[in-house]
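J.: One structure, pasted below without further comment.
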Amino acid sequence: MSKRVERLILFLIDFIVVVSVFLIWQREYMPDLEKSIGNIFLFVLVVFIFWFFIFVFFGLYMSWFTRSRTDEVLTVFKALIVGGVFILIVTFDIGRSLDSSFYLSRSMIFSYLGMMFLMEGSARILFRTIHRRLLIAGIGRRRALIVGCGRKAKNLYDEVLKAPALGYDVIGFIKTKKTEPGDGYRGVPVMGDIGELHRIIKKVSVQEILIALSHRSERNLEEIIRQCNNTQVGMKIVPDLYNLIVGQVKTNQVYGFPLIELLPHLMQPWEVGVKRSTDILISLFILIGFLPLWLLFALLIKIDSKGPIFYVQDRVGKDGKIYRMIKFRSMVDGAEKMTGPVWASYNDPRVTGFGRFMRRLRLDEIPQFVNILKGDMSLVGPRPERPHFVEKFSKEIPLYKRRLIIRPGITGWAQVKGRYDQSIEHVKEKLEYDLFYLENMSLRMDLKIILITLYVMLRGDGQ
């Protein structure tokens, strides 16, 4: 079953459940509702749209078939709690707080939420159970390749055979080195090496890549990810190796079989659209709504030190594209003419007096909202780096360029969690946070990062 079909079926299930629950509940508690509203079906549609957006926000239209059904039901419960709180707030009437009908209305809402949980949870468990039985029967299975030919790869193949509910049909192995033996395992052939992976995916219509490298090879892993770019395959990895990349993500298990998914498509298309629309709206609000303040900043920068108001510098953006990043100038003019490209540091002597104030509140970043409007940046993402350092770090740190697959951000998970770059070890630490964000990015996580950033700004803890 494709992810698109899976989401369509879930959409239909949720529509049936929401409509059925509301009609049953309405007949029991509000039999005269149709007379007062005039068109009950229009009201049902509004109710479904409300729950649809709640479920989308909680990720209930993502692919869950390889996850615990208990986890999915708990997620449904959390979504209903949030939706229920919203309903209680909207329907709250302080003028009737001492009226018995007020308390009846609360009990009516709680009964509605209870019916929703019972039917929605049951429907999803039934769907997942039927889905898994179809997979076990050989219907809707996905063609897979195992990257690796060693003991770990063979053990992975044996485990896949023991867990048919995963829905994988392994059609071949991929060598990590051309010198590795190519005799296959248990009748499954070796189809080529890592350098040919992209071609093989297209040739045999592979849908899943299962990664089981025999030894710690960051370069091999980086090449696998590069070969899978611009394809529709899902990538999953044996979790102990995943510690090389992040080491912070929980493992999902089916029948005790652990795999972690590396997502080639990091956000759903609708989330990408919402993220971009939010970037544009917030940027326009900040730049236009506070324009008098930014004009005052420009004047104070000119008074504080000689030089231009803005500092413009080449940075590496999405897919390695070079763009011109704009900031309020916070250092003396020509600060790097004598030193060349260097890291900024705590108590940097090159920072001006007003520049130090702006940095503490992170207000020197404000002009970058222009970069967001141009499409070079996003509000949240990995921090953009200069071309000199990107080339340097790419040679020293495997997977560093992985962070370039999305737009860089004014703020990000690495900025709110990591330290100022002062050594290559600090860069590696921040890369872990960036990769964690890439594998877990969502609108919810963006909101969390923005709130933490605002807290840091209000405390004046910027650097």
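J.: Determine if the range 27-36 includes at least one residue that is part of a helix (DSSP H, G or I), surrounded by fewer than 18 Cβ atoms within 10 Å (Cβ to Cβ) and at pLDDT 80 or above.
T.: No, the range 27-36 contains no residue that is part of a helix (DSSP H, G or I), surrounded by fewer than 18 Cβ atoms within 10 Å (Cβ to Cβ) and at pLDDT 80 or above.
For (1) not in a helix (DSSP H, G or I); (2) not assigned by TED's automatic domain parsing to the domain that holds residue 55; (3) not aliphatic (A, V, I, L, M), each residue gets a yes or a no:
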site	(1), (2), (3)
110	no, no, yes
115	no, no, no
123	no, no, no
153	no, yes, no
156	no, yes, no
170	yes, yes, no
174	yes, yes, no
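J.: For a quick check of your reading: which helices (runs of 4 or more DSSP H) sit entirely within the range 358-457 and have at least 3 residues that are acidic (Asp, Glu)?
T.: Filter on the range 358-457 gives 424-440.
J.: Return the residues of the range 88-121 that are basic (Lys, Arg) and either under 35 Å from the mean Cα position of the chain (by Cα) or at pLDDT below 60 (or both); say none if nothing qualifies.
T.: The one that is basic (Lys, Arg) and either under 35 Å from the mean Cα position of the chain (by Cα) or at pLDDT below 60 (or both): 96.
J.: I need a count of the residues in the range 390-419 that are at negative phi, touching a residue at least 40 places away in the same chain (Cβ under 8 Å) and not polar (S, T, N, Q).
T.: Going through the range 390-419 one residue at a time, the tally reaches 11.
J.: Kindly establish whether residue 65 is assigned by TED's automatic domain parsing to the domain that holds residue 131 and at pLDDT 90 or above.
T.: Answer is no for this residue.
J.: Something else: Regarding residue 210, is this residue out of contact with any Asp or Glu (no Cβ under 9 Å at 6 or more places or on another chain), free of Cβ contacts under 8 Å to residues at least 12 places away in the same chain, within 30 Å of residue 6 (Cα to Cα) and aliphatic (A, V, I, L, M)?
T.: no
J.: Further question: Of everything in the range 330-353 that's among the aliphatic types (A, V, I, L, M) and not in a strand (DSSP E or B), which residue is modelled with the highest pLDDT?
T.: Among those residues, the one meeting the criterion is 332.
J.: Being of a type in the set (Lys, Arg), modelled with pLDDT of 90 or more and assigned to a helix (DSSP H, G or I) is the requirement here; does residue 327 meet it?
T.: When the stated conditions are applied, residue 327 does not pass them.
The values are calculated or read from the model by the stated rules, or taken from the named source; none is laboratory data. This one's a predicted model, so the numbers in the text were calculated from it and none came from an experiment. Ideal geometry is used to build each Cβ from the backbone, glycine not excepted, and the neighbour counts take in all protein chains shown.
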